[in-house]
Every structure is written in structure tokens, then in C-alpha cells.
Amino acid sequence: MTNSLESNFKTISVDNGKEFSEHKAVTTTTNLKAYFALPYHSWERGLNENNIGLLRQYFRKSEDFALLSIDKITEAAERPNNRPREWLEFKVHNQLFLGINPPVALVNLIRELN
């Protein structure tokens with residue numbers, strides 16, 4: 001993790017699944033604290049649940065990711081990340097994170113509508 005990322009993040013919230021069994025290595029390497037949601041408390045991971053819902057527009061729950069092209073996965077991951085958000089004054093996350101001021105999100109939205 002680069003210094004700029006370490007200065008922007010202090011914690012990570014994760015599920016209790018086996019995919020996070022190496023959480024100690026991640027927290028040691030990044031100096032971040034890991035917090036686990038309680039089982040069956042999906043509201044403790046609201047943003048995570050919302051993003052999974054957005055990705056379900058592109059992939060069925062039973063879909064085998066090993067059979068998908070990297071291009072399809074990349075496109076599906078980029079679309080929710082580049083959606084203008086009302087609570088961000090219709091900017092996208094990367095605009096704020098990277099300090100981009102022009103309304104790039106609006107330009108992208110207009111392109112999609114045409």
C-alpha cells in the first residue's frame with residue numbers, strides 16, 4: 001500500500017468468511033485495523049451490501065468468475081465506481097479521491113444516455 005493510500009484509510013471492515021482468513025497479514029502489512037461484522041448483520045456493512053447489489057446487475061449469484069473474461073469483470077467493476085452520487089454533489093468517488101474538479105461524471109452520464 002502506498003503512503004497516499006495509508007494516509008486516506010485507517011480501517012477495513014470485512015465479512016467473517018474464509019476469504020479474510022489472512023486478515024492479520026493484511027493489517028500488519030498496511031498498518032490498518034480490521035473490524036468484523038457480526039454474523040447476519042448485513043447493515044453493519046451497508047456500503048459493501050449496496051455495491052454487491054450493483055454488481056448483481058452484471059453477474060448472477062451462481063456465475064463462475066473463472067469463466068468470465070477479465071474485460072467483462074473490469075467493466076462491471078468500473079461502472080459502479082464511476083456512477084455519479086447525489087451525496088457527492090453528482091461527482092464520482094475518483095473525482096474526490098484524486099482531486100479532479102471538472103464534472104467528469106456528468107460527461108460520462110451524458111455519453112451513456114446518447
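The values are calculated or read from the model by the stated rules, or taken from the named source; none is laboratory data. This is a predicted model, so every value here is computed, not measured. Heads up, the Cβs are rebuilt from the backbone with ideal geometry, glycines too, and the neighbour counts pull from every protein chain shown. Accessible surface is based on the protein model in full, side chains and every heavy atom, while ligands, DNA and RNA are left aside. Shrake-Rupley method; radii C 1.70, N 1.55, O 1.52, S 1.80 Å.
Taking only the C-alpha atoms of the stretch 24-98, Rg followed by Dmax gives 15.4, 38 Å.
When the accessible area of the stretch 20-96 is computed with all protein chains present and a 1.4 Å probe, what percentage of it is carbon and sulfur? Carbon plus sulfur share of accessible area: 56 percent. Think of a 1.4 Å ball rolled over the protein heavy atoms: the stretch 1-91 then has 81 Å² of accessible area per residue.
The label point for Ala76 and the one for Trp43, both projected 7 Å from the Cα toward the Cβ, are 2.9 nm apart.
Straight-distance candidates among the aspartates and glutamates for linking to Lys72, with alpha-carbon spacing under 19 Å and chain neighbours fewer than 8 residues away dropped: Glu63, Asp64, Glu112.
In this simple spin-label approximation, Thr11 and Lys33 carry label points 7 Å from Cα along the Cα→Cβ vector, and these lie 0.6 nm apart.
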